[in-house]
Amino acid sequence: MAEHRPCTARGETPLQRADRNFVELLQELRVTQTGVQILFAFLLSLAFTSRFTSLDTVQRVTYVVTLLLAVLAAALFTAPAALHRSLFQQGAKPRIVQVSSRLATTGLIVLVFAFSGSVLLVVDVTTSRTGGIAAGAATFLVCVGLWGLLPRLVRRAGLREATHGSPGRLETTVEEPASQGTVRVPAPLGGTIRQPSGAREGAAHREASARRR
């Protein structure tokens with residue numbers, strides 16, 4: 001029974017959280033699979049062009065390695081669907097989400113090298129070997145920065161805001177029960193702002209009268 005109790009800030013059970021995480025993961029994989037499919041189709045068609053026979057040994061090795069990396073990335077991105085289909089209705093959804101997340105992360109790493117290799121090959125064929133190496137290295141750095149470094153910076157900024165509080169957030173107010181002589185002040189100023197002296201004297205007079213009665 002404990003497994004079905006709400007366990008997150010969203011009020012979800014572990015199974016509900018696993019279902020939501022798997023749906024979000026599939027949405028991410030749809031984006032990456034599109035890029036892999038375009039890259040894979042480009043590499044396959046490249047072997048049947050007339051200029052492919054003029055490639056030197058280095059360019060051919062780069063082509064083959066890049067093609068195999070694209071195939072591996074496509075296999076990693078489609079593995080979560082196959083894993084879910086094989087373990088369907090067997091109560092393994094949390095484990096499926098965990099393994100699928102690791103497969104997707106590995107696929108992104110492989111895709112970085114596939115992108116870099118394809119850019120290296122194209123620029124090498126069209127311009128020069130030096131330009132191809134520079135373009136491939138630049139592609140690698142851009143992918144690593146956007147896919148690896150940027151999420152870490154965003155997470156670090158979120159942790160910093162959660163620890164120190166958002167500087168631009170408006171201060172909340174503390175509302176006391178409605179009564180005569182009560183003043184509503186912001187929470188940070190509650191201990192510093194006092195009621196007017198007339199209001200304090202009136203409240204003290206009413207309290208003394210009530211005691212005499």
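The values are calculated or read from the model by the stated rules, or taken from the named source; none is laboratory data. Everything numeric in this text was worked out from a predicted model, so none of it was measured. Note: ideal-geometry Cβ built from the backbone for every residue, glycine included; neighbour counts use all protein chains shown. Ligands, DNA and RNA are stripped out before the accessible areas are found, and what is left, the full protein with its side chains, is counted by its heavy atoms. Shrake-Rupley method; radii C 1.70, N 1.55, O 1.52, S 1.80 Å.
Brief remarks on what is shown
- Of the criteria (1) of a type in the set (S, T, N, Q); (2) under 30 Å from D19 (Cβ atoms); (3) part of a helix (DSSP H, G or I), which one Q90 fails: (3)
- Flag if V122 is among the β-branched types (V, I, T) and at pLDDT 95 or above: no
Residue-by-condition table, conditions (1) under 16 Å from V125 (Cα atoms); (2) among the polar types (S, T, N, Q); (3) surrounded by 14 or more Cβ atoms within 10 Å (Cβ to Cβ):
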position	(1), (2), (3)
Q59	yes, yes, yes
T66	yes, yes, yes
L83	no, no, yes
F88	no, no, no
V97	no, no, yes
S100	no, yes, yes
V110	no, no, yes
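- Selection within the stretch 46-57 - assigned to a helix (DSSP H, G or I) and modelled with pLDDT of 90 or more: T57
- Scanning the stretch 58-87 for residues that are at pLDDT 90 or above and of a type in the set (S, T, N, Q) turns up Q59, T62, T66, T78.
- Here T105 meets each of (1) open to solvent by less than 80 Å² (accessible area, probe 1.4 Å); (2) in contact (Cβ under 8 Å) with a residue 40 or more places away in the chain; (3) not small (G, A, S) with one exception, condition (2).
- C143 meets each of the listed conditions (1) touching a Phe, Trp or Tyr at 6+ places or on another chain (Cβ under 7 Å); (2) closer than 19 Å to F42 by Cα apart from (2).
- Residue in the stretch 10-32 that is under 26 Å from D124 (Cα atoms), assigned to a helix (DSSP H, G or I) and either open to solvent by less than 70 Å² (accessible area, probe 1.4 Å) or in contact with a helix residue (DSSP H, G or I) (Cβ under 6 Å, 6 or more places away or on another chain) (or both) present: yes
- Reported count of residues in the stretch 24-41, each being in contact (Cβ under 8 Å) with a residue 24 or more places away in the chain, farther than 16 Å from A75 by Cβ and out of contact with any Ser or Thr (no Cβ under 7 Å at 6 or more places or on another chain), is 2.
- In the stretch 108-141, the qualifying residues are those that are under 16 Å from R51 (Cβ atoms) and in contact (Cβ under 8 Å) with a residue 60 or more places away in the chain, and the one that is farthest from the chain's Cα centre (by Cα) is V125.
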